[in-house]
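Beneath this line is the structure, given in C-alpha cells, with notes to follow.
We did not get these values from a lab; they are worked out from the coordinates using the rules stated. Fair warning: this is a prediction, and the values are worked out from it, not measured in the lab. All Cβ positions, glycine included, derive from the backbone under ideal geometry; neighbour counts span all protein chains shown.
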Amino acid sequence: MGVILEVKKLNKHFGGLAAINELDLNVIDTEILGLIGPNGAGKTTLFNVISGFFPPTSGKVIFNGQDITWLKAHEIAHLGISRTFQATNLFMRISVLENVFTGYHLSYKTNRLKRILRTPAALKEEEFLRKKAVEILEFMGLTPLKDEPAANLPHGHQRILGVCMALATPPKLLLLDEPVTGMNPTETQNMIDLIRQIREKGITIVLVEHDMKAVMNLCDRIVVLNYGQKIAEGLPEEIRENKEVIEAYLGKERKK
C-alpha cells in the first residue's frame, strides 16, 4: 500500500509559539493512524493545516501526489479530505437527514441558478443526493432518527452524526478529531466499530484521541506529538512501552 498523505518539514507558528515544529509524517493508504499527545501538542493545529483551515508557516502537505499546501479548505475537501471537529459541529434545529444532506453541497453538478429555479435537472440531482444521505445514515445506524432535530440526539449520536456529515463529502482521507470524547463505554465501542467499518470501505483515517484504550484497540499505527514535534512513531504495542511517551504523555508510571 502506498502513501496517501505526506507532511514534510511542516511548521506552524502563532507569534513566537511553534505549534508545529519541523514535522515529517506519512499516512499509508487505508490505515487507521492515531495521533496522540498532551494538550497543546499541536494535534488539532495539524488537522487545521492539512484541511486548509490554517496556512502553514513553512513546509509542505502532499495528498495523493499533489501539493495541497496552499489550497483553500473547500478546494482540499473537493480533492477528498474531510474532517470532524472537537466540538459538535451540527445544525441543531434541522433534522438528522438534512444535516447529512448539507454535506453534499460540494457534490452538486448542476449550477446554482438551476438549483435556485428548481429545474428538473436540479430536482433530479437533489433527489439522488438525498438518497445518498439516507445510505450514509443506514450505514452509520441513524436511520430511525433521520427526522429528529439534531438537538434532540444524545451526545453519542451527535458525534456519529458529525462523522456522517464528513462522509458526505465524500472523503478518501477522514480526519477525526476526538471522535469518542465524552462517550460512555458502550457509545465508545459503537464508534470504534463504525470507524473500522468506514476503513473497510477503503477510506483512510487519521484520528486524534485522548482515550488511550480506544486508540490502542483501534489504530494500526500511532504517532506521538509533544510541543509540535514527533517524539515517537510505531505500532500500538511499541508506543505503549516507549519510555519517552510514558513520561511525556502517559505519566511517569505506566498505566495499564
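Overview of values
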item	result
Rh by Kirkwood over Cα pairs, then Stokes-Einstein D for the chain at 0.890 mPa s and 25 °C, µm²/s	128
Cα pair count fraction exceeding 20 Å, expressed as % - region 51-192	53
Point-charge dipole on Cβ atoms (K/R +1, D/E -1) for the chain, about Cα centre, debye to 20	700
Karplus-derived HN-Hα couplings along region 15-26 (A = 6.51, B = -1.76, C = 1.60, θ = phi - 60°), whole Hz, x at Gly and Pro	x, x, 8, 8, 6, 10, 10, 6, 8, 10, 7, 10
Antiparallel DSSP beta bridges within the chain, as percent of all bridges there, nearest 5	55
Protection proxy ranking, peptides 64-76, 90-102, average beta carbon neighbours within 10 Å, highest first	90-102, 64-76
Farthest positive-ward along region 15-140 dipole, Cα basis, beta-carbon charges - from ASN26, GLY52, ASN89	ASN89
Over 30 Å between alpha carbons, listed pairs LYS43/LYS124; LYS43/LYS201; LYS43/LYS131	LYS43/LYS124; LYS43/LYS131
Ranked by how many other beta carbons lie within 10 Å on average, peptides 126-134, 41-49, 188-196 from highest	41-49, 188-196, 126-134
Under 17 Å from the Cα of LYS72 - lysines, other chains or at least 8 residues apart	LYS12, LYS60
